[in-house]
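Engineer: Handing you a structure now.
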Amino acid sequence: MQNANETRADSHVELACLEVHGQLFGIDVQQIREIVRAQTPTPLPKAPRLVEGVIDLRGAIVPVVDLGRALGGEPAREGRSTRIAIVEVEGLVFGLRASAAADVLPVAASDVQSPPALVAQAGYDAVRAVVRRAGAPPVLVLALEHVLESVYRSEIEDRAREAGAEG
């Protein structure tokens, strides 16, 4: 049986919210190491096209992925509020560039729902869950594993394109 503190912890989740093109995307705070001011990444020759380059973060070299492009859209807008969320997925650490970072959002478990069936059946797996908010648009909870998979797929697509151009 669970004690009251465990029950309370299980009934809420905290999401760090990032803004891309006016849309809020949530990431479980347990997957985020930190959020830093954006800096210009150093390009990596022949890197997958979704990898903008690398940054030096207090002695650690961290690859940076533009979240807007990783989600199939335009690059995240640059500005004073641009941030890079340093995340860890499957033992890999990388940065996600976003137009802005919003507050950490404490969410009741009852407000977290699976994506609509039509979206899931169509194979769209970038969103793990949708958070309902009274009087505000829903927050889409990102599946960071999907973002990582998008980087891998972009590398395969780049190599296939290069092979096709050579042949």
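Bear in mind that the values in this text are calculations on the coordinates, not laboratory data. A quick note: this is a predicted structure, and the numbers were derived from the prediction, not measured. Glycine also receives a Cβ, built like all others from the backbone with ideal geometry; neighbour counts cover every protein chain displayed.
Engineer: Extending each Cα 7 Å along its Cβ direction at HIS21 and VAL104, get the distance between those two points in nm, one decimal.
Structural biologist: 2.9
Engineer: Express in nm, to one decimal, how much length is gained between GLU162 and ARG80 on full extension, taking 0.36 nm for each residue of separation and deducting their alpha carbon distance. Walk me through the intermediate numbers first.
Structural biologist: Values: separation 82, 0.36 × 82 = 29.52 nm, distance 3.64 nm.
Going from the current span to full extension adds 25.9 nm.
Engineer: Ok, one more. With Cβ to Cβ distances under 14 Å as the rule, what net charge do the other residues near ALA129 carry (K, R +1; D, E -1)? Intermediate values should be presented prior to the final figure.
Structural biologist: Values: positive: ARG128, ARG132, ARG133; negative: GLU14, ASP28, ASP111, ASP125, GLU145.
Summing Lys and Arg as +1 and Asp and Glu as -1 gives -2.
Engineer: Among the trypsin sites (Lys or Arg not before Pro) in the range 7-51, which ones are in a DSSP loop with at most 15 other Cβ atoms within 10 Å of the Cβ? Mind listing them?
Structural biologist: Working: sites: ARG8, ARG33, ARG37, LYS46, ARG49; in loops: LYS46, ARG49.
Here the sparse-neighbourhood loop sites are LYS46, ARG49.
Engineer: Please work out the FRET efficiency for the pair LYS46 and GLU88, using the Cβ-Cβ distance as r and a Förster radius of 25 Å; give the result to the nearest 0.05. Walk me through the numbers on the way to the answer.
Structural biologist: Working: r = 25 Å, r/R0 = 0.99.
It comes out at approximately 0.50.
Engineer: Note the listed values (1) 105; (2) 161; (3) 147, then indicate which one is volume of the Cα convex hull per residue in Å³ calculated from this particular structure.
Structural biologist: (2)
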